[in-house]
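The values are calculated or read from the model by the stated rules, or taken from the named source; none is laboratory data. In this text, all values refer to a predicted model and were calculated from it rather than measured experimentally. Methodologically, a virtual Cβ is constructed for each residue, glycine included, from the backbone with ideal geometry; neighbour enumeration extends over all protein chains shown. Heads up: the accessible areas ignore ligands, DNA and RNA and are worked out on the full protein's heavy atoms, side chains in. Shrake-Rupley method; radii C 1.70, N 1.55, O 1.52, S 1.80 Å.
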Amino acid sequence: MRNTLITIITFGFLLLSGCQSSGTVKPDSSAAITPAAEAAKPALSEEARQALAKAEADVKEAKTQKALWTTAEDALKKAQEAAAKGDSAATLKLSKTASEQARLGLMQKSYPLTK
């Protein structure tokens, strides 16, 4: 019985040691972007770029005033992801949402406190 237990424990350690990485790093295929792939990426419209910049500024202002709603922050993150993909329509829509939510958060600070 004791030998069986020792064998099982030893086998477990051998199995776990086989799961360790060998220390070699595999190249990340997504990191190697060719110039042709970069050129094929759809460009973001000027209106979407401006809306994203405004949303980033609005969210930053709301954050410094400690009035940032999490919905504004989430919308900004999604807008930035859409911009990275080159999706102008989604970037524009999400940027406007982020700006609006940040503005509402700032407006909420002027409301009277309740008891």
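Based on this model, can you work out whether Ile33 counts as in a helix (DSSP H, G or I) and at pLDDT below 95? Answer is no for this residue.
Okay, residues lined up against (1) within 22 Å of the chain's Cα centre (by Cα); (2) open to solvent by 40 Å² or more (accessible area, probe 1.4 Å); (3) of a type in the set (S, T, N, Q):
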| residue | (1), (2), (3) |
| --- | --- |
| Gln65 | no, yes, yes |
| Leu68 | yes, yes, no |
| Gln80 | yes, yes, yes |
| Lys85 | yes, yes, no |
| Ala90 | yes, no, no |
| Ala102 | yes, no, no |
| Met107 | no, yes, no |
| Lys115 | no, yes, no |
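Could you look through segment 83-115, keep only residues that are part of a loop (DSSP other than H, G, I, E, B) and of a type in the set (S, T, N, Q), and pick out the one that is farthest from Arg49 (Cα to Cα)?
Step one: list which residues in segment 83-115 are part of a loop (DSSP other than H, G, I, E, B), which gives 86-87, 109-115.
Still in the running and of a type in the set (S, T, N, Q): 110, 114.
Values: Ser110: 30, Thr114: 40 Å.
This residue is Thr114.
Within segment 92-115, the set of residues being modelled with pLDDT of 95 or more and among the β-branched types (Val, Ile, Thr) comprises Thr97 only. If you go through segment 45-64 and keep only what is touching a Leu at 6+ places or on another chain (Cβ under 6 Å) and either of a type in the set (Gly, Ala, Ser) or in a loop (DSSP other than H, G, I, E, B) (or both), you end up with Ala48, Ala51, Ala55, Ala62. Kindly provide the set of residues from segment 68-110 that are under 16 Å from Ala43 (Cβ atoms) and among the charged types (D, E, K, R), ordered by number. Once the filter is applied, which keeps residues that are under 16 Å from Ala43 (Cβ atoms) and among the charged types (D, E, K, R), segment 68-110 yields Lys85, Asp87.
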